[in-house]
Amino acid sequence: MQIGIVGLGRMGGNMARRLARGGVGVTGFDPDAATRDALAQEGAIGAAASLDALVAALPAPRVVWLMVPAGDPTTRALGELAGRLAPGDLVVDGGNANYKDSQRRAAELAARGLLFADCGVSGGVWGLDNGYALMFGGTGEAAARLEPYARILAPAADRGWLHCGPAGAGHFVKMIHNGIEYGMMQAFAEGFALMKGRPDLELDVAAIAELWRHGSVVRSWLLDLTAEFLREDSELAGIAPVVADSGEGRWTAQEAIEQGVPAPVMSLALMMRFASQDKGEYADRVLAMMRKSFGGHAVGKA
């Protein structure tokens, strides 16, 4: 088994390592020479200095897996690859792309005789040792070609991966997965904030997090990770209260609107991330001035 990986950052690099450990010959390309050379020195990959070199190093029919940021970087990488690959080659997009983009890209590549699979990847920095959850979409032929690699990347050969449906299905399922993740994270954060707000009860939030890991209905990997960092520092005073959002949370909210399906938990979790980014500051100033205008309430000065 041989595969080419384009994009050797934290996720792509660790996926290359896991595949290599599983006996797969990995040829890797990254625009950053130091990144690809470091992996080559580990013995995880054969480094390719260009996309041309990567394609030339792989036997036909090829499998090339992209792990690059969604949007323009993915569009550029696919465009550059499409002109270099041959009919029957498989391209896997493992980034967090919008599923509608994946449906369009599958059709465009099919017109060139290329197979395409969109693969949502979950597992983060722990995936190298624990394995990744893989949810992929594409034709039956594309899925069959992808499956042997999924069996190595997943936590076990018989679980942790799924051919979810036609092109776009993989990234759609990953989008919903991340929307659920937003809601779960927000619920935990709010619960711990409420407990932290009652110093009179002398609650040890780190001990409570550890307690809930055992036998509780809310036990989960997210709780495991939370218990771990609270054990180290339960005050978190040095952490800026700013939470970034990625495209999947926004796309999930948009999907709910398009379907007319209520998804208040996931949507409000996204809104709370916006609030943490100070994107509601102007609205709060308007609210303060409204209260002053109709009720004479005092307004604080910035």
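Per residue of region 238-248, in order, report the coupling 6.51 cos²θ - 1.76 cosθ + 1.60 (Karplus, θ = phi - 60°) as ³J(HN,Hα) in whole Hz, putting x for Gly and Pro.
Result, ordered by residue: x, 9, 5, x, 10, 10, 6, 10, 10, x, 4 Hz.
Between R84 and R21, take the C-beta separation as r, use R0 = 30 Å, and let me know the FRET efficiency to the nearest 0.05.
It comes to 0.60.
Given labels modelled 7 Å from the Cα in the Cβ direction, how far is it in nm from A34 to L268?
Going by the 7 Å Cα→Cβ label model, 4.5 nm.
In whole percent, what relative contact order does region 69-153 give with Cα contacts below 8 Å and a gap of six or more residues?
After rounding, I find 25 percent.
Let me have the relative contact order for the chain, percent, based on Cα pairs under 8 Å that are six or more residues apart.
12
Setting aside same-chain residues fewer than 8 positions from K100, which lysines have a Cα under 17 Å from its Cα?
Reachable lysines: K174.
Using each residue's phi in region 293-301, evaluate 6.51 cos²θ - 1.76 cosθ + 1.60 at θ = phi - 60° and report the 3J(HN,Hα) Karplus result to the nearest Hz, with x for Gly and Pro.
Result, ordered by residue: 5, 8, x, x, 6, 5, 10, x, 9 Hz.
Between H297 and E258, 0.36 nm times their residue separation minus their Cα-Cα distance comes to what?
Answer, rounded to one decimal: 10.0 nm.
Report the label-to-label distance for A187 and W221 in nanometres (one decimal), using points 7 Å from each Cα along the Cα→Cβ vector.
Here the answer is 1.8 nm between the modelled labels.
Tally up the carbon and sulfur contribution to the accessible surface of the chain as a whole percent, 1.4 Å probe, everything protein left in place.
59
Largest first and in whole Å, give the semi-axes of the chain's equivalent ellipsoid, each being the square root of 5 times a Cα gyration tensor eigenvalue.
41, 24, 19
So how much slack lies between K100 and M289, counting 0.36 nm per residue of separation and subtracting their Cα-Cα distance, in nm?
Result: 63.8 nm gained on full extension.
When only alpha-carbon atoms count, how far does region 1-153 stretch along each of its three principal axes, as whole angstroms with the largest first?
That gives 38, 30, 28 Å along the principal axes, largest extent first.
Collect residues whose amide H, placed 1.01 Å from N in the peptide plane, falls under 5 Å from the amide H of W65; neighbours closer than 5 in sequence don't count.
The list, which skips near neighbours in sequence, is G4, I5, V6, V92.
What is the P(r) of region 79-187, as percent of Cα-Cα pairs per 10 Å bin from 0?
All Cα pairs considered, the percentages come to 16, 44, 31, 8, 1.
Let me check something: with ligands and nucleic acids excluded, how do V218, V24, V242 order by accessible area (1.4 Å probe), largest to smallest?
Reading off the accessible areas and sorting them downward yields V242, V218, V24.
Please list 64-74, 222-232 highest first by mean number of surrounding beta-carbon atoms within 10 Å per residue.
Order by mean packing, descending: 64-74, 222-232.
Once ligands and nucleic acids are excluded and a 1.4 Å probe is used, how much of M11 is accessible, expressed in Å² to the nearest 10?
In the full protein context, M11 sits at about 50 Å².
Points 7 angstrom from Cα along the Cβ direction at D72 and S50: gap in nanometres?
2.4
The values are calculated or read from the model by the stated rules, or taken from the named source; none is laboratory data. Please read all numbers here as calculations on a predicted model, not as lab measurements. Because the Cβ atoms are built from the backbone with ideal geometry, glycine has one as well, and the counts that use them run over all protein chains shown. Just the protein is used for accessible areas: all its heavy atoms, side chains included, with ligands, DNA and RNA removed. Shrake-Rupley method; radii C 1.70, N 1.55, O 1.52, S 1.80 Å.
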